[in-house]
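The values are calculated or read from the model by the stated rules, or taken from the named source; none is laboratory data. Bear in mind the structure is a predicted one, so any value in this text is a computation, not a measurement. When we count neighbours, we look across all protein chains shown, and the Cβ atoms used for this are built from the backbone with ideal geometry, even at glycine. Note: areas computed on protein heavy atoms with side chains; ligands, DNA, RNA excluded. Shrake-Rupley method; radii C 1.70, N 1.55, O 1.52, S 1.80 Å.
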Amino acid sequence: MVRLREYYQDPHAPRAHDVLPAAFAAVRNVAGEILLVRRIDDGYWELPGGRIDVGESAAQAVIREVAEESGVTIALTGLSGVYSDPTHVLLDPDGSVHQQLALCFHAVPAGADNTEEPRPDGIETKEAAWCAPAALANLVMHPAMRLRLHDAITTPHRTHFE
């Protein structure tokens, strides 16, 4: 698998040519655990999410991405944060370089019993699991994603998004 290369606050990062919109979700179950997925390409744990496709809203994109990567259907409950640090640069395998613009949503499982078991997709994710907040510090995670996760746990919900 050809992998994406991610730079964060690296003075040697290539210069971005455009901005790439993405959406992620901090999904919490009734036990207060957070849904995380483990990427196949670099082995890092992260909030499920990904690129926003042309023709879909950020809300539609994150609902789709979470279902694809973890098998969990979600309902959005608010906005945790917007991340547009120009030092967060993504180098695609085709050589294109993007500055990421990421929206991070709060969400809950949409199932009536709120206990949907996550499963990886085997394409982008090799693991998907509910994680107790106390266990998060021990997981290997990209610094930009760790910031989003920290903010999602500690920030109040914002309820307007479209």
Problem set entry | Accessible area of THR73 in the full protein assembly, 1.4 Å probe (Å², nearest 10) | 70 Å²
For this session: Measure off, as a whole percent, the carbon and sulfur share of the 1.4 Å-probe accessible area of the chain, all protein chains present.
Result: 55 percent
For this session: Can you pull the one-decimal nm distance between simple spin-label points at LEU136 and ASP42, each 7 Å off the Cα toward Cβ?
Result: 1.8 nm
Exercise. So for the pair ASP151, GLU68, with labels modelled 7 Å out along Cα→Cβ, what separation do we get in nm?
Worked result: 2.3 nm
Seminar exercise, completed: Per residue, accessible area of the chain with a 1.4 Å probe, heavy atoms of protein chains only, in Å², comes to 50 Å²
For this session: Starting from the residue with the highest accessible area, list ARG146, ARG15 in decreasing order, probe 1.4 Å.
Result: ARG15, ARG146
